[in-house]
Amino acid sequence: MSRTIQDRFTLLNGRIKAACRNCNRNPEEISLIAVSKTKPDEDVRALMDAGQVHFGENRVQALTKRFETLNDPAVQWHFIGTLQTNKIKYMAHRVNWIQSVHKSKALVEIDRRALEAGRVINTLIQVNISQEDQKSGCEPEELPGLLKQAQQMKHLRVLGLMGMATFTDDPEKVRPEFRILRSLRDEHLFMNEGSVNLKHLSMGMTNDLEVAVEEGSTMLRVGTAIFGSRNYG
């Protein structure tokens, strides 16, 4: 018998709690971001009904459509895909988090569009921890400049770092990449002033969430373990 979304959601939360027990962490420290890309609205609504609050999309068009069809003020929407500066205007009125900021001009545009919308948008700086060319993210040496720029901004907050690890069936292979992200966060805590407060680490997905929890993740971006395999094409 196939499992329902609610069943998979319950199992996933059990995995997260077990991972926290194994490394003496409080599960309340971790936010689950349900990555709903390509999935129908009824599946997302079922998860909302089960109590899930945070949802992630990697395409602006899909995210803005969710705003309209699933307009629940209790939901926190996260943009997690490659960030194109010219698309920020389409989501600034509603998105709660932009996790994939990696360029100076994106910070400027988010701040400008959030001002126009009368909002403050939470952001994370994405760092390319896997060193794969096809993945977005700033280089570690670029991080101080981005944080210094963000300190003075009034309509966004940089609340941590995001990283996409190498995709592999062996989660231990990505442990060093997660450690890089945590080390970068810890090394830059001295820059916590103004609109910068580096308290979050967004890292870990279905295959490697236990390792991510052990290495300090505060946001897990999980899709397959909740919604099942994706439909591509």
Which residues, counting only those in segment 1-58, are within 14 Å of V213 (Cα to Cα) and of a type in the set (S, T, Y)?
S31
Per the filter on segment 167-190, residues under 30 Å from R119 (Cβ atoms), part of a helix (DSSP H, G or I) and in contact with a helix residue (DSSP H, G or I) (Cβ under 7 Å, 6 or more places away or on another chain) are L184
In segment 27-67, how many residues are free of Cβ contacts under 8 Å to residues at least 40 places away in the same chain, assigned to a loop (DSSP other than H, G, I, E, B) and β-branched (V, I, T)?
1
Filter segment 189-214 down to residues that are touching a residue at least 12 places away in the same chain (Cβ under 8 Å) and either among the acidic types (D, E) or surrounded by fewer than 19 Cβ atoms within 10 Å (Cβ to Cβ) (or both), then give me how many there are.
10
What do you reckon, is A46 of a type outside the set (S, T, Y) and touching a helix residue (DSSP H, G or I) at 6+ places or on another chain (Cβ under 7 Å)?
yes
Condition met for T10 (among the hydroxyl-bearing types (S, T, Y), over 16 Å from the mean Cα position of the chain (by Cα) and assigned to a loop (DSSP other than H, G, I, E, B)):
no
In this structure, is G14 closer than 18 Å to L220 by Cα, at pLDDT 95 or above and surrounded by fewer than 16 Cβ atoms within 10 Å (Cβ to Cβ)?
yes
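Results for (1) charged (D, E, K, R); (2) in contact with a Lys or Arg (Cβ under 6 Å, 6 or more places away or on another chain); (3) farther than 22 Å from Q6 by Cβ, shown as yes or no for each residue.
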{"site": "F167", "(1), (2), (3)": "no, no, yes"}
{"site": "E172", "(1), (2), (3)": "yes, no, yes"}
{"site": "L181", "(1), (2), (3)": "no, no, yes"}
{"site": "E187", "(1), (2), (3)": "yes, no, yes"}
{"site": "E193", "(1), (2), (3)": "yes, no, yes"}
{"site": "V211", "(1), (2), (3)": "no, yes, yes"}
{"site": "G228", "(1), (2), (3)": "no, no, no"}
Under the condition of being over 16 Å from R8 (Cα atoms) and among the charged types (D, E, K, R), which residue from segment 32-69 is surrounded by the fewest Cβ atoms within 10 Å (Cβ to Cβ)?
E68
Spot the failing condition for K135; the list is (1) under 16 Å from the mean Cα position of the chain (by Cα); (2) part of a loop (DSSP other than H, G, I, E, B); (3) crowded, with 20+ Cβ neighbours inside 10 Å, and only one is missed.
(3)
Are any of the residues in segment 155-166 in a helix (DSSP H, G or I), among the hydrophobic types (A, V, I, L, M, F, W, C) and crowded, with 18+ Cβ neighbours inside 10 Å?
no
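The values are calculated or read from the model by the stated rules, or taken from the named source; none is laboratory data. Just so it is clear, the model here is predicted, and its values are computed rather than measured. All Cβ positions, even for glycine, are placed from backbone atoms using ideal geometry, and neighbour counts span all protein chains on display.
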